[in-house]
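The numbers here are math on the coordinates, done by the rules we state, and not lab data. Note that this is a predicted model, so its numbers are computed, not measured. For neighbour counting, all protein chains shown are included, and Cβ atoms are generated from backbone atoms with ideal geometry for every residue, glycine included.
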Amino acid sequence: MIDGLDDAKVAEILGATRRVALVGASDKPRRPSNGVMRFLLDHGYDVVPVNPVLAGQQIHGRTVVATLEEAAPLEMVDIFRVTEQVPPVVDEAIRLGARCVWMQLGIAEPVSAERARAAGLDVVMDRCPAIEWPRLGLRR
């Protein structure tokens, strides 16, 4: 995989995480971020949707916040943004003390990933927790 992580590390990240800030959350049921948010909630994660356009609204019963800072404290920051929009999200995740940055399928930003790793964060790229969870046979 592009992120260099083995299955054991991905399983460790998913098992140790409880709180997820989902950047790019959508209220549209057909959008992948909406389905992944539902999956994470169904598997016991505390998910805070982040989307400035939808701030104050509800997605799956959770109030949307405008900024990553409003979603703190952070464990995992799950990014549903185009690659060009990843660097400021990663920089904010580092500044706010996140433990992990997870870039969704099709998203890989090696320069930002290296900055995050240098700051002590785990970095997952081009993967989806809703795919990795069942593939790894995880349970909660």
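Structural remarks
- Spin-label pair Asp6-Gln57: with each label point 7 Å from Cα along the Cα-Cβ axis, the two points sit 4.4 nm from one another.
- Theoretical gain in end-to-end length, Arg135 to Leu105 [0.36 nm per residue, Cα-Cα removed]: 9.3 nm
- Taking the number of Cβ atoms within 10 Å of each Cβ as an exposure proxy, the fewest-first ranking of Arg95, Arg115 is Arg95, Arg115.
- Alpha carbon centroid spacing (whole Å) that separates the range 1-46 from the range 125-140: 8
- Relative contact order for the chain: 24 percent, from Cα pairs under 8 Å spaced at least 6 residues apart, divided by residue count.
- Computed from point charges on the beta carbon alone (+1 for Lys and Arg, -1 for Asp and Glu), the dipole magnitude for the range 1-130 about its Cα centre is near 340 Debye.
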